[in-house]
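*Asks:* Structure provided below as structure tokens; questions to follow.
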Amino acid sequence: MNRLLETVSNISQFGMDFSPDFIIGIGGGSPIDAAKAASVLIFHKSTDTDLLFDNRGDTHITLFFVPTTAGSGSESTPSSILTVHTRKTKLSIKRRVYCEKAFINFRYTISMPYNITVSTAVDVLTHLVDEYMSAKSNIFVDKLVKIGLLGFSEILPMIQNEEFNECFREKIMILSSIAGIIIANTRTTLTHTMSYPLTYGKKITHGFACGLLAYEYLVFHKNKYKVDDIVSALGFANIVELKNFLKNSCPNIVCSEKEIYEYSNIVFEDKERLSMHPYEVSLIVL
Ligand SMILES: [Fe+2]
């Protein structure tokens, strides 16, 4: 299932016909995020997706989730990210939607193919990066991120060696949910904000889009102390080793100057997300 606004509206139409008490979202981040948004619309007996982007409360029908990927962490966040064709990107709904219960079991992820396994693992890493570098980070967040990064350092060799055994699946599943819990406190920041138009425009997975941007984001970031912290917590000798890990894990994507300009402008339309970065960023047109 995709995460299009139209899909959410269709689910709501379907649900309104028999007034369900709850929704069970099964799958990766897309169906779970679509279920969250649909739960709001069904509660309000509406198919109007504009309702998702206002700030009139967080009411929704009950949700249960069964994640079958280990990356989005959506089962433990209140966020729902939807694809908006008119804006050529993905946007976060304004409503905060938590599930009643999530059935987190790594056995549901064992049949994930190689590309999805790596992409979702890279997504977990970039969640931890964004959380640590966020304007909303604090001591609680930083401590949890450190636990996440140390855990990720244990599975790094498994990703590099394509050793996706049960031990790997269990660890990345738990790390994904931990990173999701932290997102509930910080939201994500620029790596993710920049990834949305890239995913939309180049049709690459979310995790890979974030992974392609993470190194440049860290190099650009002014808080070098925190950047060094991330590199060393992951067990890398220097940031170039992190760069090489990301380069080897993600596909090579080429963007034209016109595309970069278009994607950058989309990023700068999302003022709320830009405010998650700890200092002002500006768009420089060369
Ligand atoms: Fe993500």
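The values are calculated or read from the model by the stated rules, or taken from the named source; none is laboratory data. Source: prediction; values computed, not measured. Here the Cβ is made from the backbone with ideal geometry for all residues, glycine too, and neighbour counts use every protein chain on show. Just the protein is used for accessible areas: all its heavy atoms, side chains included, with ligands, DNA and RNA removed. Shrake-Rupley method; radii C 1.70, N 1.55, O 1.52, S 1.80 Å.
*Asks:* On full extension of the chain, what length is gained from Asn265 through Lys247, given 0.36 nm per residue of separation minus the C-alpha to C-alpha distance?
*Replies:* Difference between extended and current length: 3.9 nm.
*Asks:* Among the lysines, which have Cα under 23 Å from the Cα of Lys222 when same-chain residues fewer than 8 positions away are ignored?
*Replies:* Lys136, Lys143, Lys146, Lys243, Lys247, Lys271
*Asks:* If you average the sequence gap of Cα pairs under 8 Å that are 6 or more apart and divide by the length of the chain, what percent do you get for the contact order?
*Replies:* About 18 percent, as a whole number.
*Asks:* Now, a different point. According to the square roots a ≥ b ≥ c of the eigenvalues of the Cα gyration tensor, what is the shape class of region 18-96, taking rounded for a/c under 1.5, prolate for a/b larger than b/c otherwise, and oblate for the remainder?
*Replies:* It comes out oblate by the Cα gyration axes.
*Asks:* Reachable aspartates and glutamates from Lys88, Cα under 19 Å, same-chain residues fewer than 8 places away excluded?
*Replies:* Filter leaves Glu6, Asp33, Asp50, Glu257, Glu259, Glu262, Glu269, Asp270, Glu272.
*Asks:* Separate question: In whole angstrom, how far apart do the alpha carbon centroids of region 112-141 and region 75-106 sit?
*Replies:* 15
*Asks:* Which value, in Å to one decimal place, does the Kirkwood hydrodynamic radius take for the chain when every pair of different Cα atoms is included?
*Replies:* Taking every pair of different Cα atoms in the chain, averaging 1/r and inverting gives 19.2 Å.
*Asks:* Can you classify region 142-242 as rounded, prolate or oblate using the Cα gyration tensor, where a ≥ b ≥ c are the square roots of its eigenvalues, rounded means a/c under 1.5, and otherwise it's prolate if a/b beats b/c and oblate if not?
*Replies:* rounded
*Asks:* Quick one: 3J(HN,Hα) in Hz for region 217-226, Karplus 6.51/-1.76/1.60 with θ = phi - 60°, rounded, Gly and Pro as x.
*Replies:* Taking θ as phi minus 60°, the curve returns 4, 5, 5, 6, 5, 6, 7, 5, 4, 5 Hz for region 217-226.
*Asks:* Test of understanding: given the chain, find the longest segment containing no chymotrypsin sites (Phe, Trp or Tyr not before Pro) that are in a DSSP loop and have at most 16 other Cβ atoms within 10 Å.
*Replies:* 104-278
*Asks:* Still on this model: Across region 247-253, in residue order, what do the Karplus-derived ³J(HN,Hα) couplings come to in whole Hz, using 6.51 cos²θ - 1.76 cosθ + 1.60 with θ = phi - 60° and x for Gly and Pro?
*Replies:* For region 247-253, the Karplus-derived couplings read 5, 6, 8, 9, x, 7, 10 Hz, x marking Gly and Pro.
*Asks:* Which of the three applies to region 187-250, rounded, prolate or oblate, going by the alpha-carbon gyration tensor with a ≥ b ≥ c and a/c under 1.5 meaning rounded?
*Replies:* oblate
*Asks:* Another one. What is the projected area of the convex hull of the Cα atoms of region 207-286, averaged over all directions, in nm²?
*Replies:* Dividing the Cα hull surface by four gives the mean projection, 6.2 nm².
*Asks:* Looking at region 1-79, which trypsin sites (Lys or Arg not before Pro) are in a loop (DSSP not H, G, I, E or B) and have at most 11 other Cβ atoms within 10 Å?
*Replies:* Sites meeting the loop and neighbour criteria: Lys45, Arg56.
*Asks:* Given 20 °C and 1.002 mPa s, how large is the Stokes-Einstein diffusion coefficient of region 49-154 in µm²/s, with Rh as the Kirkwood radius over Cα pairs?
*Replies:* My calculation gives 135 µm²/s for D.
*Asks:* Just to confirm a number: summing +1 for Lys and Arg and -1 for Asp and Glu over residues other than Arg96 whose beta-carbon lies under 15 angstrom from that of Arg96, what do you get?
*Replies:* With Lys, Arg at +1 and Asp, Glu at -1, the neighbours total 0.
*Asks:* Here is a further query. Work out how much length Asp228 to Glu216 would gain on full extension: take 0.36 nm times their residue separation and subtract the Cα-Cα distance, in nm to one decimal.
*Replies:* My answer for the length gained is 2.9 nm.
*Asks:* Report the accessible area of Met173, computed with a 1.4 Å probe over the heavy atoms of all protein chains in place, in Å² rounded to the nearest 10.
*Replies:* Per-residue accessible area (Met173): approximately 10 Å².
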